[in-house]
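S.K.: Structure below; questions to follow.
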Number of protein chains: 6
Amino acid sequence: MGDFTHFNEQGKAKMVDVGDKPVSHRTAVAAASVKVNRETFRLIQSGGMKKGDVLTVAQIAGIMGAKKTWELIPMCHPIFLQGIDLNFHLEEKDYSIRIRASVKCDGKTGVEMEALTAVSVAALTVYDMCKAVQKDIEITDIRLLHKSGGVHGAFAREEGQE
Amino acid sequence: MGDFTHFNEQGKAKMVDVGDKPVSHRTAVAAASVKVNRETFRLIQSGGMKKGDVLTVAQIAGIMGAKKTWELIPMCHPIFLQGIDLNFHLEEKDYSIRIRASVKCDGKTGVEMEALTAVSVAALTVYDMCKAVQKDIEITDIRLLHKSGGVHGAFAREEGQE
Amino acid sequence: MGDFTHFNEQGKAKMVDVGDKPVSHRTAVAAASVKVNRETFRLIQSGGMKKGDVLTVAQIAGIMGAKKTWELIPMCHPIFLQGIDLNFHLEEKDYSIRIRASVKCDGKTGVEMEALTAVSVAALTVYDMCKAVQKDIEITDIRLLHKSGGVHGAFAREEGQE
Amino acid sequence: MGDFTHFNEQGKAKMVDVGDKPVSHRTAVAAASVKVNRETFRLIQSGGMKKGDVLTVAQIAGIMGAKKTWELIPMCHPIFLQGIDLNFHLEEKDYSIRIRASVKCDGKTGVEMEALTAVSVAALTVYDMCKAVQKDIEITDIRLLHKSGGVHGAFAREEGQE
Amino acid sequence: MGDFTHFNEQGKAKMVDVGDKPVSHRTAVAAASVKVNRETFRLIQSGGMKKGDVLTVAQIAGIMGAKKTWELIPMCHPIFLQGIDLNFHLEEKDYSIRIRASVKCDGKTGVEMEALTAVSVAALTVYDMCKAVQKDIEITDIRLLHKSGGVHGAFAREEGQE
Amino acid sequence: MGDFTHFNEQGKAKMVDVGDKPVSHRTAVAAASVKVNRETFRLIQSGGMKKGDVLTVAQIAGIMGAKKTWELIPMCHPIFLQGIDLNFHLEEKDYSIRIRASVKCDGKTGVEMEALTAVSVAALTVYDMCKAVQKDIEITDIRLLHKSGGVHGAFAREEGQE
């Protein structure tokens, strides 16, 4: 089993020195779900057409949030993100909004935290836009789906459904 | 059933005018869980003592993240937060880190998004600090537990376990 | 004629002390125009329906930008904005996108800079979204239309057309 | 005619993937004008000497604003700016302050938005510093003058006067 | 002797709840010194006239830095600063630049950290502007000079010279 | 003797163009001291064990502060920091907290300002955490200890004690 890398020899947090790592092309895909009730779900669905598009606001918030990852997560490195894309799927069977973010860069550190931050901020934005109509929304299943690049190579989460 | 409030008459997003709302004392408590495996769980537990304290970094990240809610969530109002506290519970039975954030302010808008952002950023920080030792960590159950203040009064989530 | 207020007795810039000013309800409305060519204008028009909605991105950017006014303009005070709304009008006769922002707060300083920053950031965002299809876009007519509140009272710009 | 590039296949905004673009040396020069009345113009002119230098504050605001472009414009990439310079010309004939910003970087994306943001923030700062003495200031003619680097090559705006 | 207030009952850092504190008028004055050699001192002195004004850049940086105190210092509350002023004195006898910042607000928490951050950022900016001509500059004597407002009343540092 | 480099030919501040500089591996080590009284010193010492760990908060603040250097210091370039580490030494003989920060990057500009900002923000955080128990804390001796990389080569401060 490995060991934490974000601490110095005195057991205090540090931003890991990645100076010796090679630059490689990095990608990461993360996901999150927002669980709402039937009424909220219908409002979000119809909103795209006429009442106001919750998901577009969340899309932009997710992109802008990913760019702020290094400001939010204390030990994250500043990164030159080269591309960020989010998509939203309205899952009828459990009234959930499924969010996915895909992030790319050429760099010395991975971009999984940027993808995870993108879906988290997008999910919080969906929550914010809907909280006036439902108080018990829940954000779940924030996780990494795929990752490529770097010395440790690719990772793909084993999942049934997604 | 209510309707979305964050959109103007053209169906475009706006920051809701709260000018006519009274100032009241607001509190909100939110929670999140980070699900890790047994090995990561043990490392976090022992880290507090000798290897580096993951939870202290997450604590500070959560507090600083709450103050940035208005920057992250597009339609959130800037707020004068008066107090933020987080606590972490290591739940042995499912190897999860349970995070709670409590936020207070006197203002015209609620502070639930600030509490939810605090636990989300804290959870992402736990993820970041542990991702070198485990790739399939999951963040779940981000939700509002309590809320008080404002014209709509108090809310308490009905929950079995927590 | 008045004199600059943003300088101290040594002629150096300062953030003006507004401690003695009364709190009052403040509003400001500002405007800007983005001048594009016929092709870009048509793309923006049709984009709302099927290709991607430039104006929605600009709307959100304008709202988020207004909240950052104090970070951008050196002598601006931090302000608790209470409401921000933008609207966009596609003016067929000169192929311009006319942007208006309305900002509100209860405070000791006016909110004209916040309204002006909102329209400026929204206009820059329209520019950014369209710059791949047209290189000579121009942003013009950034100005204050109305202002109320404060000891100096209301201001309304005399304009022919708008 | 081209098409918007900032949208994904679902017509939703994305941060364009520039991973395949080559790194090249980029420059961009943008301009803006602030139109004031004769009295404000004289105050700005004389202020440089004894009352407080409006343009120096605007100069610094423009430089700092350019560095924040990626935070303000939702689809802009974070960029390692390598140099930013602004200059101001007091144009007697129409009492305008003409602002120019020149921005440089080696990167995969152009820096025109950074140059345009620099002049916009500088112009807003001039407005802010002068708004106590004149209410109907106007910011106009925000535009790109030159651009070099990148696969599309150089651009130079055809202009009579500047 | 008192005890630290920034920790919760588990010994973890928190942002102190100031909800029960009364709003009062707060002021704080802080100071810092930048020690340079004779050559750098002369350059700064003459620069004001013809070569570029180091102190004006530092002045603006100090004001903007004070507004960011809550972002930099983890347990600081967001504050509505009402006024910030800095002044610089070139002390011939030890070739030091003496910086003072005065900060005001009406609020529930003091503004000493804002005044201390203002002088620190101003001092770092002087350092940055001069580091090409001198490598061993030193910033010293960052301290609070006065403070008023709040339940604990006024504080004034006993000092000989300043 | 050299000359200031941060000004353009009109004597106005600019962000220096580093486009022609070679990329090299850069390191910088900076230091600061926080002078407290015996009681505060003992509280900080014991706090690490049971009452709340001031230095851990300062450690994280220093790391996060270093990443914001380009936002705080007007003429600093945005930098991709590759590693940041801080350590704290409690110096019994003069009751001071000695802070050191080491920063690394591969780039066209040095990282001394990032190291100096790291120790400054860490020192301000120690001050903030202790100000409830002591009013006359002082931050001193902010200075560069070592620097390597870049065309001007290495620098090491000559010091007796440290």
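The values are calculated or read from the model by the stated rules, or taken from the named source; none is laboratory data. From a predicted model like this one, the values you see are computed outputs, not experimental measurements. So basically every Cβ, Gly included, is an ideal-geometry build from the backbone, and we count neighbours across all protein chains shown.
S.K.: Residues in region E:46-77 that are assigned to a loop (DSSP other than H, G, I, E, B) and at pLDDT 95 or above: how many? Spell out the reasoning first.
M.R.: Kept after step one, since they are assigned to a loop (DSSP other than H, G, I, E, B), are these residues of region E:46-77: E:52-53, E:68, E:73-77.
Imposing the further condition that a residue be at pLDDT 95 or above reduces the set to E:68, E:73-77.
Counting residues in region E:46-77 that are assigned to a loop (DSSP other than H, G, I, E, B) and at pLDDT 95 or above gives 6.
S.K.: Okay, next question. Just to be sure, is A:G19 in contact (Cβ under 8 Å) with a residue 40 or more places away in the chain and in a helix (DSSP H, G or I)? Steps first, please.
M.R.: Working: in contact (Cβ under 8 Å) with a residue 40 or more places away in the chain: yes; in a helix (DSSP H, G or I): no.
No; evaluated as a whole, the condition is false for this residue.
S.K.: Look through region E:5-22, keep the residues that are within 18 Å of E:G150 (Cα to Cα) and touching a Lys or Arg at 6+ places or on another chain (Cβ under 6 Å), and return whichever of them is farthest from the other protein chains (Cβ to nearest Cβ). Even if it seems obvious, please write down each step before you answer.
M.R.: Initial filter on region E:5-22 (within 18 Å of E:G150 (Cα to Cα)): E:5-6, E:15-22.
The next check asks that each one be touching a Lys or Arg at 6+ places or on another chain (Cβ under 6 Å); those that pass are E:17-19, E:21.
Details: E:D17: 3, E:V18: 5, E:G19: 5, E:K21: 9 Å.
Among those residues, the one meeting the criterion is E:K21.
S.K.: Which of the residues that make up region F:136-157 are more than 22 Å from F:K35 (Cα to Cα) and either among the charged types (D, E, K, R) or more than 7 Å from chain E (Cβ to nearest Cβ) (or both)?
M.R.: Quick first cut of region F:136-157, residues more than 22 Å from F:K35 (Cα to Cα) only: F:146-156.
Those that are more than 22 Å from F:K35 (Cα to Cα) and either among the charged types (D, E, K, R) or more than 7 Å from chain E (Cβ to nearest Cβ) (or both): F:H146, F:K147, F:S148, F:G149, F:G150, F:V151, F:H152, F:G153, F:A154, F:A156.
S.K.: Identify, from the list A:G11, A:G62, the residue that is on the phi > 0 side of the Ramachandran plot and among the small types (G, A, S).
M.R.: Details: A:G62 fails: on the phi > 0 side of the Ramachandran plot.
Going through A:G11, A:G62 in turn, just one is on the phi > 0 side of the Ramachandran plot and among the small types (G, A, S): A:G11.
S.K.: Hey, can you tell me all the residues within region C:23-46 that are facing another protein chain (nearest Cβ under 7 Å) and surrounded by 15 or more Cβ atoms within 10 Å (Cβ to Cβ)?
M.R.: At the first step, the residues of region C:23-46 found to be facing another protein chain (nearest Cβ under 7 Å) are C:25, C:39, C:43.
Result: C:L43, single match.
S.K.: Could you run through region C:57-91 and say how many residues are in contact (Cβ under 8 Å) with a residue 60 or more places away in the chain, facing another protein chain (nearest Cβ under 7 Å), among the aliphatic types (A, V, I, L, M) and crowded, with 24+ Cβ neighbours inside 10 Å?
M.R.: Result for region C:57-91: 2.
S.K.: Test of understanding: among F:V103, F:V133, F:V111, F:V121, which residue is more than 13 Å from chain A (Cβ to nearest Cβ) and of a type in the set (A, V, I, L, M)?
M.R.: Values: F:V103 fails: more than 13 Å from chain A (Cβ to nearest Cβ); F:V111 fails: more than 13 Å from chain A (Cβ to nearest Cβ); F:V121 fails: more than 13 Å from chain A (Cβ to nearest Cβ).
Residue meeting the stated conditions: F:V133.
S.K.: I would also like to ask the following. Considering region C:132-162 alone, what residues qualify as being surrounded by fewer than 22 Cβ atoms within 10 Å (Cβ to Cβ) and farther than 18 Å from C:V29 by Cβ?
M.R.: Selection gives C:A132, C:V133, C:Q134, C:K135, C:D136, C:E138, C:V151.
S.K.: Taking the condition of being more than 30 Å from F:V111 (Cα to Cα) and modelled with pLDDT under 90, how many residues in region A:1-44 meet it? Give the derivation first.
M.R.: Step one: of region A:1-44, the residues more than 30 Å from F:V111 (Cα to Cα) are A:1-2, A:29-44.
Now narrow it down to the ones that are modelled with pLDDT under 90: A:1-2.
Total satisfying the criteria: 2.
This table checks each residue for (1) of a type in the set (F, W, Y); (2) in contact with a Phe, Trp or Tyr (Cβ under 9 Å, 6 or more places away or on another chain); (3) part of a helix (DSSP H, G or I); (4) at pLDDT 95 or above.
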{"residue": "B:D85", "(1), (2), (3), (4)": "no, no, no, yes"}
{"residue": "B:L124", "(1), (2), (3), (4)": "no, no, yes, yes"}
{"residue": "B:Y127", "(1), (2), (3), (4)": "yes, no, yes, yes"}
{"residue": "B:T140", "(1), (2), (3), (4)": "no, no, no, yes"}
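S.K.: Of the numbered conditions (1) under 30 Å from B:K68 (Cβ atoms); (2) assigned to a helix (DSSP H, G or I), F:R42 satisfies every one except a single condition; which is it?
M.R.: Here F:R42 clears every test but (1).
S.K.: Another question about this same structure. Checking E:S96 against (1) surrounded by 21 or more Cβ atoms within 10 Å (Cβ to Cβ); (2) farther than 19 Å from C:V16 by Cβ; (3) polar (S, T, N, Q), only one condition comes out false. Which one?
M.R.: (1)
S.K.: If we scan region B:38-50, do we find a residue that is farther than 30 Å from F:N87 by Cβ, touching a helix residue (DSSP H, G or I) at 6+ places or on another chain (Cβ under 8 Å) and not hydrophobic (A, V, I, L, M, F, W, C)? So that I can check it myself, show each step before the final result.
M.R.: First pass over region B:38-50, keeping only residues farther than 30 Å from F:N87 by Cβ: B:38.
Now restrict to residues that are touching a helix residue (DSSP H, G or I) at 6+ places or on another chain (Cβ under 8 Å): none.
Looking for residues that are farther than 30 Å from F:N87 by Cβ, touching a helix residue (DSSP H, G or I) at 6+ places or on another chain (Cβ under 8 Å) and not hydrophobic (A, V, I, L, M, F, W, C), one finds none in region B:38-50, hence no.
S.K.: For F:I97, are the conditions met, namely being within 18 Å of F:A30 (Cα to Cα), part of a strand (DSSP E or B), more than 11 Å from chain A (Cβ to nearest Cβ) and touching a residue at least 24 places away in the same chain (Cβ under 8 Å)?
M.R.: Values: within 18 Å of F:A30 (Cα to Cα): yes; part of a strand (DSSP E or B): yes; more than 11 Å from chain A (Cβ to nearest Cβ): yes; touching a residue at least 24 places away in the same chain (Cβ under 8 Å): yes.
Against the criterion (within 18 Å of F:A30 (Cα to Cα), part of a strand (DSSP E or B), more than 11 Å from chain A (Cβ to nearest Cβ) and touching a residue at least 24 places away in the same chain (Cβ under 8 Å)), F:I97 qualifies.
S.K.: Report, ordered by the first and then the second residue, all pairs with beta carbons closer than 8 Å, sequence separation of six or more or different chains, a first member in region B:133-162 that is within 14 Å of B:R98 (Cβ to Cβ), and a second member that is in a loop (DSSP other than H, G, I, E, B) and at pLDDT below 95.
M.R.: B:R143/B:R157; B:L145/B:R157; B:L145/B:E159; B:L145/B:E162
S.K.: Out of region F:1-49, which residues are over 23 Å from the mean Cα position of the chain (by Cα) and closer than 30 Å to F:I97 by Cα?
M.R.: F:R38, F:E39, F:R42, F:L43, F:S46, F:G47, F:M49
S.K.: Same structure, new question: Could you tell me how many of the residues in region A:22-56 are basic (K, R) and either without any contact (Cβ under 8 Å) to a residue 24 or more places away in the chain or under 20 Å from D:G19 (Cα atoms) (or both)?
M.R.: 4
S.K.: Quick check on my filter: what residues within region F:104-142 are touching a strand residue (DSSP E or B) at 6+ places or on another chain (Cβ under 9 Å) and over 26 Å from F:C76 (Cα atoms)? I'd like the intermediate steps shown before the answer.
M.R.: Going through region F:104-142, the residues touching a strand residue (DSSP E or B) at 6+ places or on another chain (Cβ under 9 Å) turn out to be F:104-120, F:122-124, F:126-127, F:129-131, F:135-142.
Selection gives F:M129, F:C130, F:K131, F:K135, F:D136, F:I137, F:E138.
S.K.: Check region A:35-55 and report whether any residue there is in contact with a Cys (Cβ under 8 Å, 6 or more places away or on another chain), among the charged types (D, E, K, R) and under 23 Å from A:R157 (Cα atoms). It would help to see each step written out before you state the result.
M.R.: We begin by selecting, within region A:35-55, every residue in contact with a Cys (Cβ under 8 Å, 6 or more places away or on another chain); these are A:36, A:40, A:43-44, A:54.
Still in the list and also among the charged types (D, E, K, R): none.
The answer is no, given that none of the residues of region A:35-55 is in contact with a Cys (Cβ under 8 Å, 6 or more places away or on another chain), among the charged types (D, E, K, R) and under 23 Å from A:R157 (Cα atoms).
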